[in-house]
1. Search region 241-255 for residues that are hydroxyl-bearing (S, T, Y) and pair each with any residue that is part of a helix (DSSP H, G or I) when their beta-carbon atoms are under 7 Å apart and the residues are at least 6 apart or on different chains.
2. How many of the residues making up region 38-73 are within 9 Å of the ligand (Cβ to nearest atom) and of a type outside the set (S, T, N, Q)?
3. Among W360, W409, which is more than 14 Å from the chain's Cα centre (by Cα), farther than 19 Å from L58 by Cβ, of a type in the set (F, W, Y) and within 14 Å of the ligand (Cβ to nearest atom)?
4. Which one is nearest to P193 (Cα to Cα) among residues in region 280-313 that are of a type outside the set (G, A, S) and within 12 Å of the ligand (Cβ to nearest atom)?
5. Report yes if I392 is part of a helix (DSSP H, G or I), within 15 Å of the ligand (Cβ to nearest atom) and of a type in the set (V, I, T), otherwise no.
6. Please tell me if T402 is assigned to a loop (DSSP other than H, G, I, E, B), more than 16 Å from the ligand (Cβ to nearest atom) and under 19 Å from the mean Cα position of the chain (by Cα).
7. Considering only residues that are among the aliphatic types (A, V, I, L, M), part of a helix (DSSP H, G or I) and surrounded by fewer than 22 Cβ atoms within 10 Å (Cβ to Cβ), which ones fall in region 73-103?
8. Residues to consider are V330, V232; find the one that is part of a helix (DSSP H, G or I) and either within 14 Å of the ligand (Cβ to nearest atom) or farther than 26 Å from N387 by Cα (or both).
Amino acid sequence: MDWPSSQDNGSFWFDSLPQAPNAKPPDRLPYQVDVAIIGGGYTGLWTAYYLKQHRPDLDIAVFEAVTVGFGASGRNGGWCMGLAWGIDGMLARPEQRQRGIELLKAMHDTVDEVGRVSQAENIDCHYAKGGTLNVATLPFRVQQLKEHVASLHALGFTDDDYRWLDESEARERLACTPNHGAAYSTHCAAIHPARLVRGLAETVRKQGVAIYEQCPVLDLEPRRVRTPHGMVKAGIVLRATEGYSDTLPSQRRQLLPIYSMMVATEPLPESVWDQIGLRRRETFGDGRRLVIYGQRTLDNRFAFGGRAGYYFGSKMKPVIDPAEPLLDRVEANLRGLFPVLKDYSVTHRWGGLMGTSTTWRPCVSFDQTRGIGMAGGYVGEGVAASNLAGRILADLVAGRKTDLTRLAWVNDTARRWVPEPLRWLGVKTIRAIATRADREEFTTGKASKFWGPLYARLIG
Ligand SMILES: Cc1cc2nc3c(=O)[nH]c(=O)nc-3n(C[C@H](O)[C@H](O)[C@H](O)COP(=O)(O)OP(=O)(O)OC[C@H]3O[C@@H](n4cnc5c(N)ncnc54)[C@H](O)[C@@H]3O)c2cc1C
């Protein structure tokens, strides 16, 4: 792919950084490092962070094609959430339930771990653990969500983790239209994503990790890293490229690049927030399949997003044109839920890539013999998950056998996606089914009996 010459990823988050990114290509690369990490997002940087804690003696280098946080880590919705893709599916299957519970507990702890490290390392990422609301915007979802909370309680979780909020309590927290009640989880923090990733880079630099920006790696290969600026020998090479993994020829079709799109409003006056809520900076979504997600930023903007599309041939757009029509739908969804925003403008429109494997759940793997490892496949839910994945990968590389290295993500490798045009047709079909199911539910107010279950079966 042609990496852009500009380092601006187009997001509100990059625009609101205290200092605009200004990376330079490396003058000179080292001859050799112990560990080379490809990708300067959360996964790469968390892995470097924990690896340096376990093995301060290791020479670690991160290679980033553009600038730290250029990818999803510097442009996401800022939900640091105690859940990850695939866990709900595991909880639903008796034979996988125990492993699902272990993962869910680990994800709960991870939200606190991100807060702990941010505080300990003075990373001012606007962390606010206000929890998250899954709002029933359709009446039939009330029963579904209540049952979901009850099923989590039956597994040993309590009101301190998940609870049902009736309509008045839910509206007090978030006055969207409509709101029939909400399932509330305490395990989510709102963050400023770009501040987290840039702060993390600063932290690992201070620990002695070298970060080479404007330095794309040409492939994932054992024992070496090739870049346009030269080659570096490496004992271990780790892939942390998520939605951009197709840029590495040996990794083609491992992770499907799917887009998520976001908008941010101008700062809104307190009088408007009095009508909307989110006083504790809770994040929120609703049960639709074409996922939506929102947060109130520290400077009182609405940051709101929705899952979007896939381009034929896994085409990767490094930056999304603000005029992209998919963004119109995201903005319309926001305005539809909050009519009070009619007099306020959207100041930023952007999008980015997330990575999805054929298992639709994250994976962390390490092959000691080849010295190659990787983590990713978060399907757009990687803010907290990348911290857990980074801790697991660091343990695997350091040869530590821990509770984390026994989690179900470890070596849960997926087969590759099918070649085109089947891949495009498959994704389009899944998306069409999701759209159909959502549309039917919003028009009839009833659960989709055919398209809904079909969608659930297809994505496991
Ligand atoms: C719009 C949007 C909203 C999202 N919202 C949320 C959310 O609210 N909550 C949540 O949990 N998740 C969310 N996600 C997903 C989350 O942001 C990602 O899962 C997470 O940031 C992945 O981190 P990463 O480090 O693995 O990948 P990335 O942050 O994408 O980092 C990969 C890096 O690798 C670099 N790179 C790629 N190829 C090469 C190469 N060949 N050589 C060198 N460098 C390379 C890229 O430039 C990039 O900086 C969202 C994603 C998007 C796009």
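The values are calculated or read from the model by the stated rules, or taken from the named source; none is laboratory data. Since this is a predicted model, take the numbers as computed values, not measurements. No Cβ is skipped: glycine too gets one built from the backbone with ideal geometry, and neighbour counts run over all protein chains shown.
1. Going by the 7 Å Cβ cut-off, the qualifying pairs are T241/T247; S245/Q251.
2. 18
3. Checking each option against the conditions leaves just W409.
4. Result: Q295.
5. yes
6. no
7. M90, L91, A92, I101
8. So the residue among V330, V232 that is part of a helix (DSSP H, G or I) and either within 14 Å of the ligand (Cβ to nearest atom) or farther than 26 Å from N387 by Cα (or both) is V330.
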